[in-house]
Amino acid sequence: MKMINVCVTLDFDDAWLAEVAAVSPGVSVYKHLAASAGEIPAELLARTDVLYTNTAFPAGAQAPRLSWVQLDTSGCDHVKGTDLWASGVPITTIGGVSPKPLAEYVLMMILAHAHHLPEIIGLQGRSHWPDLDYRWSRLMPRPIPGSTVGVVGYGRIGKEIGRLAHAFGMRVIGMRRGLPREGERFSDSAGETPAEVTGPEGLHSLLARSDYVVLTVPHTDETHHLLGAEAFDRLKPGAVLINAARGGVVDEVAMLAALRSGRLGHAVLDVFAEEPLPASNPFWRESDVLITPHVAGFAPGYHDQVRALFTENLRRLIAGEPLLNLVDRKAGY
């Protein structure tokens, strides 16, 4: 039996590694923490067949036996331009590992906006109990039932957002490119949520009709600055934007202008073009912006979920079966 050497560059515990090794007697697993391929000893890379990593991407000559790379990220935009991307080595992602907590994050932010939570927290911080006129005029909830959420990126995560939004009585518009790909993992929603689903050509209509616009698309050449000045001009006046995708999907200069003009009523931003977000960035000081530090995709039981995906893909590799969550280099995700 040919041995399959698996190199893991992240700090998973021994039990996690043992579960991976248990897939087959022919699997050998070793861990070497590394942020780049140059930090992995040359002799380890030379005998690596499978690599589990975030950012350690070897060139072909460094890892001549490499037959598959599993990313510990849902996106793959950071791999583009590398020798690995140019090679024929299959790449898989953990895309969709956290649809439920990310959808909960989005609904939390919709409800927080509708019920004026940031302003209420500000009142508490000032130890101020406002009078009835203030409460009635400033803290009356905005309507949720009957409002519209537009989900740009209506895939595994987007559908879970749609399911929760529909449960609150919201109308759902979903935009996606093409049909679900074979081998998508974690798409376990029961049934389909009533939703209007459109292709990319329907983006401007979605923006014009949505009270809440949620971004969950991958960052590709096609989606770079998908929301630019023209898109913000089409936005329903006063709409709320929730970006849980990638910072590069939005033209941040155009978004800031839309906020200051009032066209964009409020923005919840979990991701930015530059992270960590510098203290000098003006978004920190915008009153109609709520910033979270790239946490929307955090998932309880994350290690168990990614181990389940990785071990299933390892079993498939050994059996010669198609891998789950395989990156389509042409599509960019």
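Where residues in the stretch 51-66 are free of Cβ contacts under 8 Å to residues at least 60 places away in the same chain and of a type outside the set (A, V, I, L, M), which of them is surrounded by the most Cβ atoms within 10 Å (Cβ to Cβ)?
The qualifying residue surrounded by the most Cβ atoms within 10 Å (Cβ to Cβ) is PRO58.
Looking at the structure I just gave you, is ILE94 under 22 Å from ARG156 (Cα atoms) and either surrounded by fewer than 22 Cβ atoms within 10 Å (Cβ to Cβ) or more than 12 Å from the chain's Cα centre (by Cα) (or both)?
no
Cβ-Cβ distance below 8 Å, separation of 6 or more or different chains: which pairs start in the stretch 138-154 with a residue that is at pLDDT 95 or above and end on one that is exposed (fewer than 12 other Cβ atoms within 10 Å of the Cβ) and in a loop (DSSP other than H, G, I, E, B)?
Hits for this filter: ILE144/GLY169; PRO145/GLY169; GLY146/GLY169.
Regarding the stretch 132-139, can at least one residue be identified that is within 26 Å of THR220 (Cβ to Cβ) and out of contact with any Asp or Glu (no Cβ under 6 Å at 6 or more places or on another chain)?
No, the stretch 132-139 contains no residue that is within 26 Å of THR220 (Cβ to Cβ) and out of contact with any Asp or Glu (no Cβ under 6 Å at 6 or more places or on another chain).
Just a yes or no: is a residue in the stretch 24-34 buried (at least 16 other Cβ atoms within 10 Å of the Cβ), at pLDDT 95 or above and under 29 Å from LYS330 (Cα atoms)?
Checked the stretch 24-34: at least one residue is buried (at least 16 other Cβ atoms within 10 Å of the Cβ), at pLDDT 95 or above and under 29 Å from LYS330 (Cα atoms).
For residues in the stretch 103-138 being not in a helix (DSSP H, G or I) and not acidic (Asp, Glu), which is surrounded by the fewest Cβ atoms within 10 Å (Cβ to Cβ)?
Taking the candidates together, the pick is SER127.
In the stretch 80-101, which residues are modelled with pLDDT of 95 or more, in contact with a helix residue (DSSP H, G or I) (Cβ under 8 Å, 6 or more places away or on another chain) and among the hydrophobic types (A, V, I, L, M, F, W, C)?
Within the stretch 80-101, TRP85, ILE91 meet the criteria.
If a residue has to be assigned to a loop (DSSP other than H, G, I, E, B) and not polar (S, T, N, Q) to count, how many in the stretch 79-102 make the cut?
9
Among the residues that make up the stretch 103-118, is at least one of them modelled with pLDDT of 95 or more and under 18 Å from VAL306 (Cβ atoms)?
No, the conditions are met nowhere in the stretch 103-118.
What are the residues in the stretch 139-182 that are surrounded by fewer than 22 Cβ atoms within 10 Å (Cβ to Cβ) and in a helix (DSSP H, G or I), if any?
ARG163, LEU164, HIS166, ALA167
Cβ-Cβ distance below 6 Å, separation of 6 or more or different chains: which pairs start in the stretch 24-50 with a residue that is farther than 17 Å from GLN70 by Cβ and end on one that is assigned to a strand (DSSP E or B)?
From the stretch 24-50, the pairs are GLY26/ILE4; ARG47/ASN5.
When you check ASN325 against the structure, is it in contact (Cβ under 8 Å) with a residue 24 or more places away in the chain, within 21 Å of HIS78 (Cα to Cα), touching a strand residue (DSSP E or B) at 6+ places or on another chain (Cβ under 9 Å) and surrounded by 13 or more Cβ atoms within 10 Å (Cβ to Cβ), yes or no?
Yes.
Identify all residues within the stretch 1-23 that are under 26 Å from ALA59 (Cβ atoms) and either among the aromatic types (Phe, Trp, Tyr) or surrounded by fewer than 13 Cβ atoms within 10 Å (Cβ to Cβ) (or both); write none if there are none.
Selection gives LYS2, MET3, ASP11, PHE12.
If a residue counts only when it is among the charged types (D, E, K, R) and buried (at least 17 other Cβ atoms within 10 Å of the Cβ), which strands (runs of 3 or more DSSP E) contained entirely in the stretch 198-302 have at least 2 such residues?
Answer list for the stretch 198-302: none.
Within the group PHE272, PHE283, which residue is at pLDDT 95 or above, aromatic (Phe, Trp, Tyr) and out of contact with any Gly (no Cβ under 8 Å at 6 or more places or on another chain)?
PHE283
Criterion first (of a type outside the set (D, E, K, R), out of contact with any strand residue (DSSP E or B) (no Cβ under 6 Å at 6 or more places or on another chain) and under 18 Å from ASP72 (Cα atoms)) does LEU17 satisfy it?
no
The values are calculated or read from the model by the stated rules, or taken from the named source; none is laboratory data. These figures come from a predicted structure and were not determined experimentally. Heads up, the Cβs are rebuilt from the backbone with ideal geometry, glycines too, and the neighbour counts pull from every protein chain shown.
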